[in-house]
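The values are calculated or read from the model by the stated rules, or taken from the named source; none is laboratory data. Only a predicted model underlies this, so the values are computations on that prediction, with no experimental measurement involved. Quick reminder, even Gly has a Cβ in these numbers, built from the backbone with ideal geometry, and neighbours come from all protein chains shown. Heavy atoms of the whole protein, side chains included, go into the accessibility calculation; ligands, DNA and RNA do not. Shrake-Rupley method; radii C 1.70, N 1.55, O 1.52, S 1.80 Å.
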Amino acid sequence: MPALAQYSLPPTRLKDLFQRLSQAVDQVIAPTRVPPGDVFYDVVQGPDEVALDFGNSLVSPVAWLYRPVEEMFRVLPGEPPRVEPCGEEGRRLLFAVRPCDLAAIGRLDQFFLEGDFRDDLYAARRARTLLVALACATQADPRCFCSCCETGPYAEQGFDLQLSLVGDRYLLEVGSESGAALAEQCRDLLEPAAEDLAAGRAQQVQAFYAGLEQKANMPAAVRRLSSEAVPVELWDRIASRCLGCGGCSFVCPVCTCFYTTDQVREDGSIVRVRAWDSCRLEGYTREASGHNPRAHRRQRAERFSYHKLAYPCIQREGRLGCVGCGRCVTVCFGGVHMPRVAQMIRRGE
Amino acid sequence: MSGLYVPQIAAIERVEEETATEKTFTLRPLNGDRLSCVPGQFILLSVFGRGEAPFCVGTAGQDLPTLDITVRRYPGGRVTEALHSLGPGAYVGLRGPFGNGFKVEALRGRDLLFVAGGIGLIPVRPLIRQVLSERDQFGRLVLLFGARQPSEILYRRELDEWQAREDFEVQLTIDVPHPDWSGHVGVVTTLFPDLEVDPARTKAIIVGPPVMYPFVVAACREKGIGDADMIFSLERYMKCGVGKCGHCAMKHKYVCTDGPVFTYEEIREIEEH
Ligand SMILES: Cc1cc2nc3c(=O)[nH]c(=O)nc-3n(C[C@H](O)[C@H](O)[C@H](O)COP(=O)(O)OP(=O)(O)OC[C@H]3O[C@@H](n4cnc5c(N)ncnc54)[C@H](O)[C@@H]3O)c2cc1C
Ligand code: SF4
Ligand code: SF4
Ligand code: FES
């Protein structure tokens, strides 16, 4: 989808733009540097707290739409007990979301909102969140491989606004009606986008592709896995290097699994909480009888890859289950992260 | 209030002890809601403060004012142990029913071979009840039921009634000899050699512990029953019942929303290594 409108912004006005956007919402979540220097997405009070000079954050901003831990409802004891909703309100802006994470949000939208059952917890948070993307063209992280997953370095859809540094200007693209309304409020800061900006954007994409270090031939891996041609020994080899820590799925912006648990609070009320879970963990499928259909790490390694890469899952869930963000490359102790596993699958060894 | 994960409050109306480890609970939604359930569907039951767990509906039909579930208690089980300590008048949470359930239409006109092991009889019972209530719609009816010991046989009274019928062949077996047992001894597949079936007419409905499945599949195949005519109800660890938590997934299917009832032909496609 082509952008609805394009503007140019001198970098000196970026802070003003940020201020103006902040005024439109109740809360802004933006990348911010935390000692000793890691970047996390968190609530910020002003533009000086925002860090834009980073590759990618270890934790995806998706965590602000699908919370790592979230209250589902509250039960007040009594005869009979009463059930009350939990939830937050207010409009929120996610600032400087990377295109890969935006693609992940696209898959989460499909997964949580479409089909027979609509996840109202996700839906409520999603509906009151504006998304401002930050394209990566000049800042490839050595671990990323978005070009292999067709998710970057620019987002082509799914954003309200998208910022990118092209030469000595920011290009501001409008991707939705809400984005257009936001841009309108900042109209005095913006200038019309000259044609060389669009040309510069296209050139940047080419240079970006050429410079990517991490490569993963995802289509080949998808074909091979879907044809069931992967020998079982391959999963054994992956499993022998996997510690079963679940890190890959916890940092993955596409992963959606959760478990639920009841917490009894001091005032006697009971809150059902859901928290991210991982198919790489041994207890994930263990039944009360003790039977565990995926007792072996090998089976769990296969499950993880199958859900992300096999055609039937891609068909069902709308897109490839990997957006090439490179986070699992950062966390996997065993070095059996997605680009490596995709390569092993493709080669069948 | 409503919401995908928010249970409605129900009161326990009656508790019946089935065995030392299983009880049947009759639940009545407080708001007077009536429930429509297909045999093979399940609900998610909350014991507030302990958690939520799936249980098959024991009662099927339209606009039911109450609903039965039969629950095995697992020592240390968060929900099942707490539920077993509750009596009439206690409040629980209820979501559902969920899942596809058995397609009774596809069974009409056929001979039905029910094979159940242990608490596998729980989801099969409402199906048998429905079939018996429209007995002339079906061909020959056979139930092979196996339990580990006599004391673990569920629904004793109802089984006796079924056994007394001329139009329903019911065979029980226990796994190992027991002083209180004069009937057949051996796992449920040991009842197969003496069984005669017309494979072209037969649909097998098979529910039991996972260890039972490969043996029953082999025994059914030996009788000439096709993979599409073997119908299973699967159990997987479940946390949501609505295709979101991921726990019950097998390949690209979710047992909670695409199942729990599958033909063996369908299962072959989603079986994992
Ligand atoms: C579709 C479906 C239908 C079902 N229908 C019925 C039915 O009709 N009747 C019936 O009785 N059951 C039924 N079940 C099974 C029932 O849901 C389980 O028995 C129930 O979930 C157990 O819950 P619990 O909270 O008591 O046990 P849990 O507390 O979850 O676990 C029980 C035992 O397992 C151990 N355990 C569990 N998880 C772990 C872990 N991660 N690590 C270590 N130990 C662990 C616990 O310590 C405990 O000893 C059904 C299941 C499904 C999926
Ligand atoms: S991060 Fe690596 S070691 Fe940890 S579960 Fe994932 S594959 Fe295994
Ligand atoms: S599998 Fe790895 S690279 Fe792919 S989206 Fe998940 S964390 Fe990112
Ligand atoms: S029980 Fe949650 S996805 Fe099936």
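Starting from the Cα of A:GLU266, step 7 Å along the direction of its Cβ; do the same at B:GLU222; then give the gap between the two resulting points in nm.
With each label placed 7 Å out from Cα toward Cβ, I get 6.5 nm.
Given N residues in chain A, what is Rg(Cα) / (2.2 N^0.38 Å)? If you can, show how the numbers build up before the last one.
On the way: Rg = 21.6 Å, N = 349, 2.2 N^0.38 = 20.4 Å.
In units of the 2.2 N^0.38 Å rule of thumb, it is 1.06.
What ratio of Cα Rg to 2.2 N^0.38 Å holds for the range A:218-347? Walk me through the numbers before you get to the answer.
Values: Rg = 16.3 Å, N = 130, 2.2 N^0.38 = 14.0 Å.
Working it through for the range A:218-347, the quotient is 1.17.
Quick query: amide H of B:MET250 versus all other amide H atoms, modeled in the peptide plane; which residues come in under 5 Å with a sequence gap of 5 or more or a different chain?
B:VAL255
Using +1 at the C-beta of Lys and Arg and -1 at the C-beta of Asp and Glu, which of A:LEU58, A:THR32, A:SER305 has the Cα lying farthest in the positive direction of the dipole of chain A?
The listed residue farthest towards the positive side: A:SER305.
Just for the protein assembly as shown, what percent of DSSP beta bridges are antiparallel, to the closest 5?
Numbers: 71 of 105 bridges.
If we restrict to bridges inside the protein assembly as shown, about 70 percent are antiparallel.
Comparing A:ALA216, A:ALA51, A:ALA103, which has the greatest mean-square fluctuation in the GNM of chain A with Cα pairs linked when under 10 Å apart?
A:ALA51
Using modelled amide H (1.01 Å from N, peptide plane; none on Pro or chain starts), what sits under 5 Å from the amide H of A:VAL166, excluding residues fewer than 5 places away?
A:LEU171
Taking 2.2 N^0.38 Å as the expected size of a compact globular protein, what ratio does the Cα radius of gyration of the protein assembly as shown give against it, to two decimals?
Details: Rg = 28.2 Å, N = 622, 2.2 N^0.38 = 25.4 Å.
Dividing the Cα Rg of the protein assembly as shown by 2.2 N^0.38 Å gives 1.11.
For the protein assembly as shown, with the dipole built from +1 on Lys and Arg beta-carbon atoms and -1 on Asp and Glu ones, taken about the Cα centre, which of A:VAL251, A:PHE95, B:ALA106 lies farthest toward the positive end?
A:VAL251
Which percent of Cα pairs goes in each bin when the distances of chain B are cut into 10 angstrom slices starting at zero?
7, 29, 36, 22, 5, 0
Considering the Cα positions of the range A:41-101, please state its Rg to one decimal place and its Dmax as a whole number of Å.
17.1, 56
Can you give the net charge of the other residues whose Cβ lies under 14 Å from the Cβ of A:ALA202, counting K and R as +1 and D and E as -1? Show your work: numbers first, answer last.
Working: positive: A:ARG201; negative: A:GLU156, A:GLU173, A:GLU195, A:ASP196.
In short, -3.
Would you please name the trypsin sites (Lys or Arg not before Pro) within the range A:1-93 that are DSSP coil residues with at most 15 other C-beta atoms within 10 Å of their C-beta? Numbers along the way, then the final one.
Working: sites: A:ARG13, A:LYS15, A:ARG20, A:ARG33, A:ARG74, A:ARG82, A:ARG91, A:ARG92; in loops: A:ARG91.
For trypsin sites (Lys or Arg not before Pro) across the range A:1-93 that sit outside H, G, I, E and B with at most 15 neighbouring Cβ atoms in 10 Å, the list reads A:ARG91.
When chain B is treated as a GNM, springs tying every alpha-carbon pair under 10 Å, which of B:GLY139, B:GLY120, B:GLY183 comes out with the largest mean-square fluctuation?
B:GLY183
Please give the solvent-accessible surface of A:GLU156 in Å², to the nearest 10, using a probe radius of 1.4 Å with every protein chain present.
Probe radius 1.4 Å; accessible area of A:GLU156 about 100 Å².
DSSP beta bridges in the range A:5-211, what fraction antiparallel, as a percent rounded to 5? Please report the intermediate quantities before stating the final value.
Details: 24 of 35 bridges.
Counting only bridges with both partners in the range A:5-211, antiparallel ones make up about 70 percent.
Please list 3J(HN,Hα) in residue order for the range B:221-231, calculated via the Karplus relation 6.51 cos²θ - 1.76 cosθ + 1.60 where θ = phi - 60°; whole Hz, with x for glycine and proline.
So the Karplus estimates, Gly and Pro as x, are 4, 4, 7, x, 6, x, 4, 6, 9, 9, 10 Hz.
³J(HN,Hα) across the range A:196-213 via Karplus (A = 6.51, B = -1.76, C = 1.60, θ = phi - 60°), whole Hz, x for Gly/Pro?
Whole-Hz 3J(HN,Hα) from phi for the range A:196-213: 5, 5, 4, 5, x, 4, 5, 4, 4, 4, 4, 4, 5, 4, 5, x, 5, 8.
At 1.4 Å probe size, put B:TYR74, A:TYR154, A:TYR311, A:TYR259 in order of accessible surface, largest to smallest. If you can, show how the numbers build up before the last one.
Working: B:TYR74 60, A:TYR154 10, A:TYR311 115, A:TYR259 90 Å².
Of B:TYR74, A:TYR154, A:TYR311, A:TYR259, the descending order of accessible area is A:TYR311, A:TYR259, B:TYR74, A:TYR154.
To the nearest 10 square angstrom, what accessible area does A:TRP64 show with a 1.4 Å probe?
For A:TRP64, solvent-accessible area is about 40 Å².
What number, in percent, do you get for the relative contact order of chain A if the mean sequence gap of Cα pairs under 8 Å and at least 6 apart is divided by its residue count? Walk me through the intermediate numbers first.
Values: 622 pairs, mean separation 76.1, N = 349.
With pairs under 8 Å counted, the relative contact order is 22 percent.
Show the residues, 5+ positions off or on another chain, whose built amide H is closer than 5 Å to the amide H of B:THR263.
B:PHE232
If each DSSP helix of 4+ residues adds -39,500 (n - 2.57) and the sum is divided by the residues in the protein assembly as shown, what number results at 222 nm, nearest 500 deg cm²/dmol?
On the way: 19 runs with 172 residues, N = 622.
After summing the helix terms and dividing by the residues of the protein assembly as shown, the value is -8000 deg cm²/dmol.
Roughly how many Å² of B:ARG78 are accessible to a 1.4 Å probe, to the nearest 10?
The accessible area comes out at roughly 140 Å².
How many angstrom lie between the Cα centre of the range A:267-286 and the Cα centre of the range B:71-119?
Using only Cα atoms, the two centres lie 22 Å from each other.
Please state the charge dipole magnitude for the protein assembly as shown, taken about the Cα centre, from unit charges on C-beta atoms (+1 on K and R, -1 on D and E), reported in debye and rounded to the nearest 20. Kindly include the intermediate steps, with their values, before the conclusion.
On the way: 71 positive and 80 negative charges, 214 e Å.
Using only the charged Cβ atoms, the result is roughly 1020 debye.
Using unit Cβ charges (K, R positive; D, E negative) and no other charged atoms, how large, in debye to the nearest 20, is the dipole of the range B:8-98 about its Cα centre? Could the numbers behind the result be given before it?
Details: 9 positive and 10 negative charges, 47 e Å.
Using only the charged Cβ atoms, the result is roughly 220 debye.
Placing +1 on the Cβ of each Lys and Arg and -1 on the Cβ of each Asp and Glu in the range B:1-130, which of B:THR70, B:GLY117, B:ILE12 has its Cα farthest towards the positive end of the resulting dipole?
Of B:THR70, B:GLY117, B:ILE12, it is B:GLY117.
Can you give the relative contact order of the range B:104-267 as a percent, counting alpha carbon pairs under 8 Å and 6+ residues apart? All intermediate terms of the calculation are to be shown ahead of the outcome.
Details: 263 pairs, mean separation 34.7, N = 164.
That works out to 21 percent.
In a shell of Cβ-Cβ distance under 9 Å around A:VAL232, excluding A:VAL232 itself, what net charge do Lys and Arg (+1) and Asp and Glu (-1) give?
Working: positive: A:ARG298; negative: A:GLU233, A:ASP236, A:GLU302.
Cβ neighbours under 9 Å give a net charge of -2.
Modelling each spin label as a point 7 Å along the Cα-to-Cβ direction, I'd like the A:GLU88/B:PHE215 distance in nm, to one decimal.
Result: 5.4 nm between the two label points.
Apply the Karplus curve 6.51 cos²θ - 1.76 cosθ + 1.60, θ = phi - 60°, to the phi angles in the range B:30-41 and return the couplings in whole Hz, x for Gly and Pro.
5, 7, x, 4, 9, 10, 10, 10, 9, x, x, 7
Need one number: nm distance between label points at B:GLU166 and A:GLU184, each 7 Å from Cα along Cα→Cβ, rounded to one decimal.
The answer from the label model is 8.2 nm.
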